[in-house]
Amino acid sequence: MRSVRSCNLMLGLGGRVDEFRFLIRDRAGQFSASFDAVLADVGIEVVRIPPRCPRANCYAERFVLTVRTELTDRMLILGDRHLRAVLAEYVRHYNGRRPHRSRELRPPRPTHPVAALNSQRIRRHRLLGGLINEYERAA
């Protein structure tokens, strides 16, 4: 019998299943062998973090904490469709414009050059109703 959670996950991903190669998960008891089997059937490899290694999942947990503190704790989400649109916009900002400490304040996949804030004219671009602001040199 297939895991209900993994089937729901596959339905939720829809046509985007091909975009994922790996699922990194902990060794919690809620994940069964059938959960892993459903993922393997669609070509997603399950990678379990090492036992008794709480820091192995820190990058995913840091991203979730960042999304919660910068976005969802400050915004009323009206439904599944609204959540997906807001998260898609935030991920675009997170990977393309938001500074990252471990990368010398550079984003992972920059979409614009970093604005020199010592310049006289800086233009602000408001995202998500002003919840997030992006800055660039004014022309």
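Annotations for the structure displayed:
- Taken over region 32-53, the criterion of being under 21 Å from GLY14 (Cα atoms) and either surrounded by 14 or more Cβ atoms within 10 Å (Cβ to Cβ) or touching a strand residue (DSSP E or B) at 6+ places or on another chain (Cβ under 9 Å) (or both) is satisfied by SER34, PHE35, ASP36, VAL38, LEU39, ALA40, ILE44, GLU45, VAL46.
To keep it simple, each residue is scored yes or no on (1) surrounded by 12 or more Cβ atoms within 10 Å (Cβ to Cβ); (2) more than 21 Å from ARG124 (Cα to Cα); (3) in contact (Cβ under 8 Å) with a residue 60 or more places away in the chain; (4) in contact with an Asp or Glu (Cβ under 9 Å, 6 or more places away or on another chain).
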site	(1), (2), (3), (4)
ARG55	no, yes, no, no
ARG62	no, yes, no, no
GLU70	yes, no, yes, no
MET75	yes, no, no, no
LEU83	yes, yes, no, no
ARG92	yes, no, no, no
ASN95	yes, no, no, no
PRO99	no, no, no, no
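- Complete set of residues in region 10-36 that are small (Gly, Ala, Ser) and without any contact (Cβ under 8 Å) to a residue 24 or more places away in the chain: GLY12, GLY14, GLY15, ALA28, GLY29, ALA33
Okay, residues lined up against (1) closer than 16 Å to ILE132 by Cα; (2) at pLDDT below 85; (3) of a type in the set (Ser, Thr, Tyr):
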residue	(1), (2), (3)
CYS7	no, yes, no
ASP18	no, yes, no
ARG52	no, yes, no
VAL67	yes, no, no
HIS82	no, no, no
LEU87	yes, no, no
HIS93	yes, no, no
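- Search result, residues across region 95-139 that are among the aliphatic types (A, V, I, L, M), assigned to a strand (DSSP E or B) and modelled with pLDDT under 80: ILE122
The values are calculated or read from the model by the stated rules, or taken from the named source; none is laboratory data. All of these numbers come straight from a predicted model, not from anything done at the bench. Glycine also receives a Cβ, built like all others from the backbone with ideal geometry; neighbour counts cover every protein chain displayed.
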